[in-house]
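*Asks:* Quick one: the structure is below, questions incoming.
The values are calculated or read from the model by the stated rules, or taken from the named source; none is laboratory data. Source: prediction; values computed, not measured. Here Cβ is always computed from backbone atoms with ideal geometry, including for glycine, and neighbour counts include all displayed protein chains.
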Amino acid sequence: MPDRDRGAGPRPGLQLLWLLARSEAWNVCLRAAGATVSRSRLYRAASLGYVGNVFNAQFGIAVRIAALRRSAPTETPRASVLAAAEFPIIMVEAALAALLSFTLVAPLGIPWWVPLLCLGSAAAAIAALGRFARHRREGIWNGLAVMRGLKSRNRVIALVIVTVCAQIARNWLILNAIGVDASVFDSTALLIGMAVLGMLPVGPSLGAATTVLILGASGVAVTAAAGALLTLTAAMAALGFATWALVDRASRGTLAPRPT
């Protein structure tokens with residue numbers, strides 16, 4: 001037990017690292033799309049969206065976009081462009097999930113060729129997205145501008161890799177701390193499962209439901225408890241980030257939107 005307690009500290013910290021890296025990836029995409037909003041203002045808007053993520057990923061994205069448009073209406077593109085700017089990040093996340101999907105073969109019993117199919121499809125989709133972004137530069141399609149430059153695209157890929165590594169490490173620490181004998185592969189499979197099920201309106205029960213689905217063989221009660229703890233640490237990090245945002249906004253006197 002003492003050994004497990006020593007790993008307790010980094011868990012919310014790893015989730016906070018995910019929030020910061022994900023926010024910076026969003027910042028890179030928005031700047032490529034023409035946004036001039038400051039990083040601190042963008043991070044504050046992102047923090048509110050991450051609280052929404054606890055309930056549903058799509059709801060969280062909508063909250064982020066609404067908060068940013070409200071606080072910086074003249075320094076950001078239209079809401080439709082902001083929504084499109086999320087797509088390159090999602091595509092990179094999907095490609096990494098496809099690359100690591102072999103971890104689902106054992107727990108879910110899927111055929112060995114499914115990960116190869118997913119990887120090939122993801123690679124083709126990213127290549128097609130890059131070509132599409134180079135030829136479509138007006139309106140909503142400007143949200144894909146980050147895919148046009150190698151430097152900005154590589155920055156997004158690097159930041160998404162950081163987010164994935166942070167999530168896998170957090171999963172591994174929590175699972176083993178609560179008594180689930182989980183490997184790094186198990187933690188990776190759990191991350192992919194949560195990403196897939198997160199597209200459904202599962203709500204705060206996502207962590208417990210996915211953990212039981214992926215690791216239920218280790219015992220339903222203990223895996224459900226681990227999933228609940230995953231949700232709790234995510235909520236703690238999101239609330240901590242949002243608290244910083246509120247304090248920062250109040251200290252700067254920017255609770256109201258800038259005049260147009």
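*Asks:* Which residues, taken from segment 135-148, are surrounded by 13 or more Cβ atoms within 10 Å (Cβ to Cβ) and either at pLDDT below 85 or touching a helix residue (DSSP H, G or I) at 6+ places or on another chain (Cβ under 6 Å) (or both)?
*Replies:* As a first pass, look at segment 135-148 and keep what is surrounded by 13 or more Cβ atoms within 10 Å (Cβ to Cβ): 136, 140-148.
Result: ARG136, ILE140, ASN142, GLY143, LEU144, ALA145, VAL146, MET147, ARG148.
*Asks:* Here's a follow-up. Can you confirm whether LEU206 is in a helix (DSSP H, G or I), modelled with pLDDT under 80 and within 25 Å of PHE87 (Cβ to Cβ)?
*Replies:* Values: in a helix (DSSP H, G or I): yes; modelled with pLDDT under 80: yes; within 25 Å of PHE87 (Cβ to Cβ): yes.
Spelling it out, LEU206 is indeed in a helix (DSSP H, G or I), modelled with pLDDT under 80 and within 25 Å of PHE87 (Cβ to Cβ).
*Asks:* Moving on. Give me the pairs, please: first residue somewhere in segment 17-42 and aromatic (Phe, Trp, Tyr), second residue anywhere and surrounded by 21 or more Cβ atoms within 10 Å (Cβ to Cβ) and not in a helix (DSSP H, G or I), beta-carbon distance under 6 Å, and either six or more positions apart or on two chains.
*Replies:* Filtered contacts from segment 17-42: no entries.
*Asks:* Can you list residue pairs whose Cβ atoms sit under 9 Å apart, with the first residue in segment 97-111 being within 24 Å of ILE126 (Cα to Cα) and the second being buried (at least 18 other Cβ atoms within 10 Å of the Cβ) and acidic (Asp, Glu)? Count only pairs 6 or more apart in sequence or on different chains.
*Replies:* THR103/ASP186
*Asks:* Have a look at THR211, THR223, THR231 and point out the one that is modelled with pLDDT of 75 or more, under 14 Å from the mean Cα position of the chain (by Cα), in a helix (DSSP H, G or I) and among the hydroxyl-bearing types (Ser, Thr, Tyr). Before you say what the answer is, go through the steps one by one.
*Replies:* Working: THR211 fails: under 14 Å from the mean Cα position of the chain (by Cα); THR223 fails: under 14 Å from the mean Cα position of the chain (by Cα).
Being modelled with pLDDT of 75 or more, under 14 Å from the mean Cα position of the chain (by Cα), in a helix (DSSP H, G or I) and among the hydroxyl-bearing types (Ser, Thr, Tyr) holds for just one of THR211, THR223, THR231, which is THR231.
*Asks:* Let me ask something else about it. Among the residues of segment 49-85, which ones are charged (D, E, K, R) and over 23 Å from TRP244 (Cα atoms)?
*Replies:* We begin by selecting, within segment 49-85, every residue charged (D, E, K, R); these are 64, 69-70, 75, 78.
Correct list: ARG78 only.
*Asks:* A further question on this structure: Residues in segment 50-63 that are buried (at least 18 other Cβ atoms within 10 Å of the Cβ) and either acidic (Asp, Glu) or farther than 16 Å from ASP248 by Cβ (or both): how many?
*Replies:* 8
*Asks:* Out of (1) closer than 28 Å to LEU213 by Cα; (2) surrounded by fewer than 20 Cβ atoms within 10 Å (Cβ to Cβ), what's the single condition that is false for ARG78?
*Replies:* If we test ARG78 against (1) closer than 28 Å to LEU213 by Cα; (2) surrounded by fewer than 20 Cβ atoms within 10 Å (Cβ to Cβ), just (1) comes out false.
*Asks:* Looking at segment 103-118, can you tell me whether even one residue there is outside any helix (DSSP H, G or I), over 17 Å from the mean Cα position of the chain (by Cα) and buried (at least 17 other Cβ atoms within 10 Å of the Cβ)? If you could, list the steps in order and put the result at the bottom.
*Replies:* As a first pass, look at segment 103-118 and keep what is outside any helix (DSSP H, G or I): 109-112.
Of the ones still in play, those that are also over 17 Å from the mean Cα position of the chain (by Cα) are 109-112.
Checking which are buried (at least 17 other Cβ atoms within 10 Å of the Cβ) leaves us with none.
Checking segment 103-118: not a single residue is outside any helix (DSSP H, G or I), over 17 Å from the mean Cα position of the chain (by Cα) and buried (at least 17 other Cβ atoms within 10 Å of the Cβ).
One line per residue, one yes/no per condition, for (1) under 23 Å from CYS29 (Cβ atoms); (2) in contact with a Gly (Cβ under 8 Å, 6 or more places away or on another chain); (3) of a type in the set (D, E, K, R):
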| site | (1), (2), (3) |
| --- | --- |
| ARG64 | yes, yes, yes |
| LEU82 | yes, yes, no |
| GLU93 | yes, no, yes |
| LEU99 | yes, no, no |
| THR103 | no, no, no |
| PRO107 | no, no, no |
| LEU116 | no, no, no |
| ALA123 | yes, no, no |
